[in-house]
Amino acid sequence: MIEAKNINFYYDEFQALKNISMKMEPNSVTAFIGPSGCGKSTFLRLFNRMNDLIDNTRMEGECIVDNQNIYDKKMNVDTLRKQVGMVFQKPNPFPKTIFENVAYGLRVNDLGNKQFIQERVEESLISAALWDEVKDKLNKSAFELSGGQQQRLCIARALAVSPSVILMDEPASALDPISTLKIEELIHDLKKDYTIVIVTHNMQQAARVSDKTGFFMLGELVEYSDTKKMFLNPEKEETQNYITGRFG
Amino acid sequence: MNRKISQQIAFTLFRIFGLLVVVILFSILGFIVVNGIQVINWEFLTTAPKDGMTTGGIFPAIVGTFYLIVGSLLIAFPLGVMSAVYTNEYAGRGWIVKIIRMMTNNLAGIPSIVFGLFGMALFVNKLGFGDSILAGSLTLSVLVLPLIIRTTEEALKAVPDSFRTGSLALGATKLQTIRKVVLPTALPNIITGLILSVGRISGETAPILFTVAAYFLPHLPTSLYDQVMALPYHLYALATSGTDIEASRPMAYGTALVLIGIVLIMNLIASFIRRRLERKWKRN
């Protein structure tokens with residue numbers, strides 16, 4: 001379970017998030033939609049503290065992941081990021097072999113011996129629906145894979161360290177329709193074991209993959225409800241306008 | 001019509017100037033090869049100079065230059081890479097980095113004879129290393145440090161940020177990210193910097209003049225505190241201050257050829273390694 005309480009976030013003087021509170025259920029997919037610059041990616045990156053990497057930012061409020069306030073001083077950020085995995089907009093495999101890409105998180109976190117790593121890599125690739133395509137070329141460079149395969153490799157890489165939450169920042173926006181479909185199916189399968197939060201520009205995608213949807217605009221959470229309700233019968237006029245394509 | 005002609009004239013001029021560079025390079029190389037090749041033989045490469053440096057070989061100078069290359073790289077390479085990692089990965093964008101960058105650029109612009117003077121004052125006299133491989137290597141390493149820092153920084157900048165965020169997002173620490181992702185990715189380009197440094201170190205005369213180079217020293221060094229002969233200085237000595245300059249002229253050309261040859265071989269080895277590292281990953 002993830003919970004955000006009264007979040008305000010600033011880039012220098014600019015307030016990117018305005019008093020946002022929301023809860024995300026375990027074993028479900030929550031989608032964030034909204035026009036560019038609405039703060040949805042900023043909000044997503046709060047949960048693995050990736051915003052820490054950006055200079056001159058400031059955060060107020062509380063973020064709770066698995067009953068821990070992750071902005072507590074005692075929180076170990078490296079441990080948090082193991083617990084909360086992330087998949088980025090553009091596939092970003094390391095310039096290493098397919099095997100080493102998936103093993104990377106295990107190695108840097110000192111998880112398990114050689115045999116465990118071997119097994120875990122295989123499990124992760126199976127979970128990411130990539131195993132059959134790569135099992136004969138685990139020692140080839142990850143760059144030999146197609147964009148869609150690379151993105152699934154990045155998902156496998158995130159799964160390998162056994163996170164409880166997976167954050168996805170427009171994970172299919174750089175992919176072709178068929179690869180996109182595969183990623184969406186994968187998200188659906190992963191839901192039973194993980195809490196998934198996905199940012200997307202594509203409203204059909206949000207409608208297809210998510211259980212709940214949050215609509216962001218100008219740093220505010222305009223509406224947050226069950227995806228079905230949001231797309232069939234939104235409460236707010238802004239939401240209606242956005243999902244019917246009147247702006248954005 | 002007029003426009004077309006002026007185009008053609010311009011292109012022709014550019015082409016001539018472009019080719020001029022090639023012509024200049026090849027005339028220098030050709031001149032050295034033609035004049036130097038006649039003295040190159042096994043004896044020349046493996047024995048010490050004889051008869052007031054008019055016959056014999058240049059073996060001690062080859063060995064000396066080799067020691068100086070290895071010695072100064074051992075010092076400058078780790079220092080340069082670490083300092084580039086600091087400025088590029090850790091220091092952010094504050095005024096400290098600006099000052100470090102400015103100083104690095106200034107250091108690169110200092111004439112090499114000044115480094116020689118500095119090396120003599122600090123390493124030879126103040127620290128008491130005397131004229132020695134140690135003092136010479138230290139001086140040369142100060143000289144190539146800016147070059148190594150600059151090329152390493154460029155190499156690190158060329159590593160996409162998505163690799164860094166990807167690694168951090170998996171729970172890797174910053175140090176792990178640098179060691180396991182950033183540095184290996186930057187390595188081919190860092191090696192390019194190393195190649196340039198080898199050329200610089202082996203060719204410089206001024207910095208070794210007061211810190212290590214011996215005019216004539218027929219035996220090989222036995223410790224870090226020994227003087228050595230070195231190719232560029234030997235070339236200078238042969239051309240200006242031998243006992244019989246006319247007679248030792250062919251030896252000078254031979255020395256020049258060997259010097260160029262060493263740099264060339266080093267470059268080839270390094271670019272071979274670089275190419276292999278690159279081929280391993282850059283498929284698309």
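Every number here is computed from the coordinates shown, using simple stated rules; none is lab data. Remember, predicted model here, so these are calculated numbers, not experimental data. So basically every Cβ, Gly included, is an ideal-geometry build from the backbone, and we count neighbours across all protein chains shown.
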**Prompt:** Counting Lys +1, Arg +1, Asp -1, Glu -1, what net charge surrounds A:Met24 among other residues with beta carbon under 10 Å of its beta carbon?
**Reply:** -1
**Prompt:** Average projected area of the Cα convex hull of the protein assembly as shown, in nm²?
**Reply:** 35.9
**Message:** Counting only helical runs of four or more DSSP H residues, what would the 222 nm mean residue ellipticity of chain A come to if each run contributes -39,500 (n - 2.57) and the total is spread over all its residues?
**Reply:** -10500 deg cm²/dmol
**√(5λ) per eigenvalue of the Cα gyration tensor, the range A:16-132, largest first, Å** = 30, 17, 15
**Request:** Choose one of B:Ser27, B:Leu194, B:Gly92: the residue whose Cα lies farthest towards the positive end of the charge dipole of chain B (beta-carbon charges +1 Lys, Arg; -1 Asp, Glu; about the Cα centre).
**Result:** B:Gly92
**Message:** For chain B, what does the helix formula give at 222 nm: sum of -39500 (n - 2.57) over DSSP H segments with n ≥ 4, over the residue count, nearest 500 deg cm²/dmol?
**Reply:** -23500 deg cm²/dmol
**Request:** For B:Ile269 and B:Lys50, compute 0.36 nm times the residue count separating them, minus their Cα-Cα distance, and round to one decimal in nm.
**Result:** 75.6 nm
**Message:** Between 0 and 90 degrees, rounded to the nearest ten: what's the tilt of helix B:59-85 against the longest Cα principal axis of chain B?
**Reply:** 20
**Antiparallel bridge percentage (DSSP; both residues within the protein assembly as shown; nearest 5)** = 60
**Fill in**
In chain A, whole DSSP H helices that both stretch 15 Å or further along their axis by alpha carbon positions and average at least 0.5 on the Kyte-Doolittle scale are A:98-108
**Asked** If Lys and Arg each add +1 and Asp and Glu each add -1, what is the summed charge of the other residues whose beta carbon sits under 14 Å from the beta carbon of A:Leu218?
**Response** 0
**Message:** Give me the one-decimal nm value for the distance between modelled label points at B:Tyr86 and B:Asp161, 7 Å along each residue's Cα-to-Cβ direction.
**Reply:** 2.4
**Complete:** Expressed in angstrom and rounded, the centroid-to-centroid distance over alpha carbons for the range B:166-224 and the range B:119-160 is 9
**Prompt:** Of A:Met50, A:Tyr224, A:Ile126, which is farthest on the positive side of the dipole of the range A:2-243, counting Cα position, with +1 on Lys and Arg Cβ, -1 on Asp and Glu Cβ, and the Cα centre as origin?
**Reply:** A:Ile126
**Complete:** Percent relative contact order for the range B:59-279, counting Cα pairs under 8 Å at least six residues apart, stands at 29
**Request:** Would you mind working out the magnitude of the charge dipole of the range A:118-248 relative to its Cα centre, with +1 at each Lys and Arg C-beta and -1 at each Asp and Glu C-beta, to the nearest 20 Debye?
**Result:** 60
**Prompt:** What are the extents of the Cα atoms of chain B along their three principal axes, listed from largest to smallest and rounded to whole Å?
**Reply:** 70, 69, 35
**Request:** Could you work out the per residue convex hull volume over the alpha carbons of the range A:2-243, in cubic angstrom?
**Result:** 122
**Request:** Compute the Rg/Rh shape ratio of the range B:61-169: radius of gyration over Kirkwood radius, all on alpha-carbon atoms.
**Result:** 1.08
**Asked** Where does the charge balance sit around B:Leu196 when Lys and Arg score +1, Asp and Glu -1, over other residues with C-beta under 13 Å from its C-beta?
**Response** +1
**Residue-by-residue Karplus 3J(HN,Hα) for the range B:144-159, coefficients 6.51, -1.76, 1.60, Hz, glycine and proline x** = 8, 3, x, 4, 5, 4, 4, 5, 5, 4, 4, 4, 5, 5, 6, 7
